[in-house]
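A short reminder: the numbers here are calculations on the coordinates, not readings from a lab. The shown structure was predicted, so the numbers you read here are calculated from the model rather than taken from an experiment. Cβ placement follows ideal geometry from the backbone for every residue including glycine, while neighbour counts extend to all protein chains displayed.
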Amino acid sequence: MKKFKFIDLFCGIGGFHQAMEALGGECVYACDIDADCRKTYEANYGLKPDVDVTKIDPNKLPKFDVLCGGFPCQAFSKAGKRLGFADETKGTLFFDVERIMAACKPKYALLENVRNLASHDGGNTWKTIHEHLTNIGYNVLAEPVIFSPHYLGIPQHRERVFIMCVREDIGTLPIFSFNAKGKLPKCNIEDILQDDLEIEDLQNYRLSEEKIQLVDLWNEFIQNIKCEKLPGFPVWSEYLHAPSKNEDMSGYPSWKVNFINKNNQLYLDNKEFIDEWLPRAQKHPLFFGAKAKLEWQAGQFEHPDIWEHILQFRPSGIRVKPGTYFPALVAITQTSIVGCRKRELTLRECARLQSFPDTFQPDVVEAQAYKQFGNAVNVEVVKLFAKYLFGDKATIKKYAKASDGSGKAGTVDFLQLLELYPDKIIENKPIRVEAAERIIMPKMETIEPNKQVDLEGLDTTKNLLVSLVKADNMEQYLDQSAKIYYTGKKFPSTVALNKLYYFMPYIAKQGVKDLYYIKIARVGTRKEGQPDNDPNDFRLVFEIEFVKELFPDYKKVHLDIWQAFKDTTLEKMLY
Ligand SMILES: C[S@@+](CC[C@H](N)C(=O)[O-])C[C@H]1O[C@@H](n2cnc3c(N)ncnc32)[C@H](O)[C@@H]1O
């Protein structure tokens, strides 16, 4: 990845910063309204964040290529009131992101928000965001992309929406595809756990003896009840009795009545055990309120054992989750308990769940530090989306939706293109630039100094396609008489086809020299007009016309179908 500059809006403790820096980025500006976050950020990255995104004057920002922002999410999150854009303060912060993007026009933007953003207000919130970003000149995938660290084998379940934006003139993104219901990589909490021996203040994290006894009581319960399936409904000890005629349920919502009935039935099926267990449990000093409720959400086991799982003491009950990955860290303190260690997660472990390196220095105030990790974005997930956004070959190959049915990722879908452009994709007129100022002269030192580049009459800002010419039709390119160029079966969908203007044939083993302009680009077929033409073998066909020799001799340029094509203008190719 080449060097680039980025800004980190709503920077928190720098989840984006960590990822972008690892990919070669330099942070030139950060901003967060929270003073504690700013302190942690400065201590770790040596950059003092500004305060309020709403007060940013885009004209005063340093130049940057990438805008990062996990804009605040309370307005969309399930935990908040879900007012969305109606929330005058936090909901509207997206529009500040838009304002800055519209003014500064960075090449890329990567935004993150809670999962609920995708479905908020029946999809209207997403539509608004998409429409606004498109209107200011960015290509954004039509569907919100939802991703979680546990899809990568990182043991945290944290589904978030990622919004990748590419400036229109740079290219489009292939559809991102990930089957979360398919086979996922195995998560192992041991990957992030510290050895107990290395935890200085281990005692602070250990469950008290009383809490251990309480969990032991519930463990006894879950191991002794007889039922077809372990209860997927909350077990409320106060309703572990036979159905009672005295219970007036007329004012209860139907879900509550349903749970009460299920608890009553559980009692009837396990009367003997519960009659002995419950009075004993009720004698325990902590067995009341939420601690007298169990939410078993760890799945089915022949020999269930709470201590093999992850627990949370929640206002709704003691929740038991699968022992393979942790529930999302949240900003409010509801620290997860590692069953097998009988202790809470340490700060270092929280940092690791968010893929922050062990060198990261958390806030010195522990409660603040937990909150900051709970708000942060997972570093590895940001890296993945940044790489996808920047067109990293391997990442695109892995995650781009196979579009042509042949199983190859990231190539244009000819049938879809035909639907979109039944006739032609573009039809260009020849241009001749007279005014010298239209031509941005390239830095000549990157071209061999003794070789002059003849740019006269060319608009170097126009999009250019550099493509390899195969041996079978090389002749016409060597004598500059070529009229048609057709692509291979696979063609990267990152090229903004409807913006192409120039074409440079790349002659194998020699390089580029001649410039053509593309008169027409369309979907056609291989060898069309010839007897061995196959009408189903679709290709991109470019009707071209020779313009001039750019260099006197062939010159080798970097030819990378996934990277060079997507944002190459004549001017950039020469840099
Ligand atoms: C979801 S967190 C982002 C966390 C960050 N991505 C990270 O990795 O740590 C949202 C952040 O926006 C900040 N924030 C809220 N309103 C803001 C504003 N008007 N200007 C700047 N930051 C703001 C909050 O303080 C919070 O740290």
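Run through the stretch 222-296 and list the GluC sites (Glu not before Pro) located in a DSSP loop whose Cβ has at most 15 other Cβ atoms within 10 Å.
Numbers: sites: 228, 238, 247, 272, 276, 295; in loops: 228, 247.
Loop-located and lightly packed - 228, 247.
Of the two radii for the stretch 286-347, the radius of gyration is 0.95 times the Kirkwood radius, both from the alpha carbons; that is the Rg over Rh value.
Scaled against 2.2 N^0.38 Å for its residue count N, the alpha carbon radius of gyration of the chain is 1.22.
Among the chymotrypsin sites (Phe, Trp or Tyr not before Pro) in the stretch 268-361, those located in a DSSP loop and surrounded by at most 16 other Cβ atoms within 10 Å of their own Cβ are 288, 301. Taking 0.36 nm per residue of separation and subtracting the Cα-Cα distance, full extension of the segment from residue 54 to residue 228 would add 57.0 nm.
If you average the alpha carbon positions of the stretch 281-358 and of the stretch 158-218, how far apart do those two centres end up, in angstrom? What the calculation gives is 13 Å, centre to centre.
Count charges around residue 338 for me, please; just the other residues with Cβ under 9 Å from its Cβ, Lys/Arg as +1, Asp/Glu as -1. Mind dumping the intermediate values first?
Numbers: positive: 341, 342, 343; negative: 344, 349.
So the surrounding residues net to +1.
Relative to the dominant Cα principal axis of the chain, helix 209-224 is inclined by about 90°. Relative to the first principal axis of the alpha-carbon coordinates of the chain, what is the inclination of helix 254-269, with its axis defined by its Cα atoms, in degrees from 0 to 90 and to the nearest 10? Helix 254-269 and the main axis of the chain meet at about 50 degrees.
Applying 1/(1 + (r/R0)^6) with R0 = 56 Å to the Cβ-Cβ distance of residue 200 and residue 548, what FRET efficiency is obtained, to the nearest 0.05?
Working: r = 72 Å, r/R0 = 1.28.
The pair residue 200/residue 548 has a calculated efficiency of 0.20.
Per DSSP H run of n ≥ 4, the term is -39500 (n - 2.57); total these for the chain, divide by its residue number, and report the mean residue ellipticity at 222 nm rounded to 500 deg cm²/dmol.
Values: 15 runs with 143 residues, N = 575.
The per-residue figure over the chain is -7000 deg cm²/dmol.
Remark: the residue 254-residue 177 segment gains 23.9 nm on full extension, using 0.36 nm per residue and subtracting the alpha carbon distance. In this simple spin-label approximation, residue 431 and residue 556 carry label points 7 Å from Cα along the Cα→Cβ vector, and these lie 3.2 nm apart. Per-residue extension of 0.36 nm, minus the Cα-Cα distance of residue 283 and residue 303, leaves a gain of 4.6 nm for this segment.
A crude spin-label estimate for the pair residue 22 and residue 468, with each label 7 Å from Cα along the Cβ direction, gives 3.2 nm. Counting only alpha carbon atoms, the long axis of helix 93-104 and the longest principal axis of the chain meet at about 20°. Using all pairs of distinct alpha-carbon atoms, the Kirkwood hydrodynamic radius of the stretch 97-152 works out to 12.4 angstrom.
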